[in-house]
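Only one structure is covered here, and it is reproduced in the block below.
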Amino acid sequence: MIQRLYNLLSQNNYSYSTDTRTLNSGDVFFALSGESFNGNTFAQQALEKGASYMVVDDVEFYINNDDRYILVDSTYDIFLEIAAYHRQQFTIPIIAIAGSNGKTTTKELTTAVLSKEYQVLSTPRNDNNNLGVAKTLFELRSHHDMLVIELGSNTPGELDHAIYLTQPTHGLVTNIGKEHLEFFGSIEGVIKEECSLYDFLYKNKAYILAPCDDVSIGIYLSEHNITPNRIYGADIQIVDQGKTTLDISWRGNTIATSFFGSHNKQNIAAAIALGEIFDVDEENIVAGILQYLPANTRSQVIEQGGATFILDFYNANPTSMRLALESFQNLQTERKKIIILGDMLEMGEHAQSEHQEILEYVLTMDIDDALLTGPYFGKLESKYHHYEQVDDLVTALTHYDLGNSLVLIKSSKGILYVHEGFRKQFGF
């Protein structure tokens, strides 16, 4: 069945759709279902819009006497298997990036550097779950020299599946942090999940990169007798931690990046290391780093309404939250320093204690004010403002003077990023 479907796709230039809203005539339609919808119900609509074949896994929506309908056990599973088969048709370098924090930034920077001299395919946005991985693999074409792919996980074993699909030739884990504790249970669970990438790379004699300053990764590699081909980051220094954006020194080059936060040093270092591994010219490595502009509220710095906003609220966990706060604490400015924090999600039974720990750190900081919001932060009383509902925070901000301020905004995506009223308040 996999070979048959792959042949159908290859005959149609690998044109497929999983969404009838964006389906083009001739597409092979895969009826993928989600938690709140049955994709099979759209098969007839896909046919009417010109789909060449409909792959379904619900016999109720399968038309037996129509050769354009293909019935499978699981549309999701077959889609992933075909993507894995497609990947196997290529012998180019496949660079996998896993880790608790900084995956997307590292992937974007690496792509910026390698694209100076190669045709590079990379994960769009942060589409790093297994379905996103499969869709990225499907984009591989003969003109690509290499693939930089981001592998995410929020449940045990999910990364193993992504690695199986991808079969990387090179890989790194950015760091280990307190991510998705609701599902991984503990930091030990996080280490086991993320470092499964190193297990695969070692077993398959692939190229292993590791950051120089992550203790958990270092211990894991040592305990499992895994020797990295390249340990990166030691040759890069931060020039001035007091600036809003990060300046680094590498090989005599001072690179004035557009990133906020010293924690981005290792993300930059990974991109530089990969540039060196693939013999990218030194000037092009520097140019790639310089030209990359953070976006989508990831370590992004913008000027607006007389204030400087540091936007980092696409994602958050206790580790990334603490790193952002430490970097903000180090900033030197005559302006007011204000923090807006939203809850960290998927903490499970650790949620209350982790939010309390972050608040206790905030109380030690030299700042002028803090506004905290969400079901957890909003219940923690302190000398600072706290709001259980983001709507209440938005209302308060309409009367709050942020002029001549340096403002850090950090939160999990599901608290501030998805709140239309909050983003509209600032025009983000």
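Computed values, structure above
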item: Residues located in region 1-20, provided they are among the small types (G, A, S) and either modelled with pLDDT of 95 or more or under 29 Å from the mean Cα position of the chain (by Cα) (or both); result: S15, S17
item: Cβ pairs under 9 Å, 6+ apart, first in region 309-323 and under 11 Å from G261 (Cα atoms), second of a type in the set (G, A, S) and part of a helix (DSSP H, G or I); result: I310/A324; I310/S327; D312/S320; D312/A324; L323/S262
item: Matching residues, region 324-343, being buried (at least 19 other Cβ atoms within 10 Å of the Cβ) and free of Cβ contacts under 8 Å to residues at least 12 places away in the same chain; result: none
item: For S36: the one exception among (1) closer than 20 Å to A134 by Cβ; (2) modelled with pLDDT under 90; result: (1)
item: Condition check for E360: under 30 Å from G189 (Cβ atoms), out of contact with any Phe, Trp or Tyr (no Cβ under 7 Å at 6 or more places or on another chain) and in contact (Cβ under 8 Å) with a residue 12 or more places away in the chain; result: no
item: Flag if D27 is charged (D, E, K, R), under 23 Å from F138 (Cβ atoms) and in contact with a Lys or Arg (Cβ under 9 Å, 6 or more places away or on another chain); result: yes
item: Those strands (runs of 3 or more DSSP E) lying entirely in region 40-103 with at least 1 residues over 31 Å from the mean Cα position of the chain (by Cα); result: 53-56, 69-71
item: Filter result (of a type in the set (S, T, N, Q), in contact with a strand residue (DSSP E or B) (Cβ under 8 Å, 6 or more places away or on another chain) and more than 23 Å from V407 (Cβ to Cβ)) within region 240-288; result: S249, T254, Q266
item: Residue match in region 308-316 (condition: farther than 20 Å from T245 by Cα and among the acidic types (D, E)); result: no
item: Given (1) within 21 Å of the chain's Cα centre (by Cα); (2) crowded, with 21+ Cβ neighbours inside 10 Å; (3) over 26 Å from G189 (Cα atoms), index of the condition Q291 fails; result: (2)
item: Filtered residue count, region 55-74, keeping only those that are of a type outside the set (A, V, I, L, M) and surrounded by 12 or more Cβ atoms within 10 Å (Cβ to Cβ); result: 7
item: The one condition in (1) touching a residue at least 60 places away in the same chain (Cβ under 8 Å); (2) surrounded by 19 or more Cβ atoms within 10 Å (Cβ to Cβ) that L121 fails to fulfil; result: (1)
item: Residue identified as within 29 Å of F200 (Cα to Cα) and out of contact with any Gly (no Cβ under 7 Å at 6 or more places or on another chain) among T41, T105; result: T105
item: Every residue from region 9-32 that is without any contact (Cβ under 8 Å) to a residue 60 or more places away in the chain and buried (at least 17 other Cβ atoms within 10 Å of the Cβ); result: S17, T20, L23, D27, V28, F29, F30, A31
item: Qualifying residues in region 304-319 (those that are out of contact with any strand residue (DSSP E or B) (no Cβ under 8 Å at 6 or more places or on another chain) and not in a loop (DSSP other than H, G, I, E, B)) - the one surrounded by the fewest Cβ atoms within 10 Å (Cβ to Cβ); result: Q304
item: Every pair of residues 6+ apart whose Cβ atoms lie under 9 Å, when the first sits in region 97-113 and is without any contact (Cβ under 8 Å) to a residue 60 or more places away in the chain while the second is of a type in the set (V, I, T); result: K107/I95; K107/I97; K107/T123; K107/V148; K107/I149; T111/V120; T111/T123; T111/V148
item: Lone unmet requirement of (1) more than 24 Å from the chain's Cα centre (by Cα); (2) buried (at least 19 other Cβ atoms within 10 Å of the Cβ); (3) among the basic types (K, R) for R298; result: (1)
item: From the options Q44, Q89, residue that is more than 30 Å from N175 (Cβ to Cβ), modelled with pLDDT of 95 or more and surrounded by fewer than 17 Cβ atoms within 10 Å (Cβ to Cβ); result: Q89
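The values are calculated or read from the model by the stated rules, or taken from the named source; none is laboratory data. Treat the numbers as computed from the prediction; the structure is a model and nothing was measured. All Cβ positions, glycine included, derive from the backbone under ideal geometry; neighbour counts span all protein chains shown.
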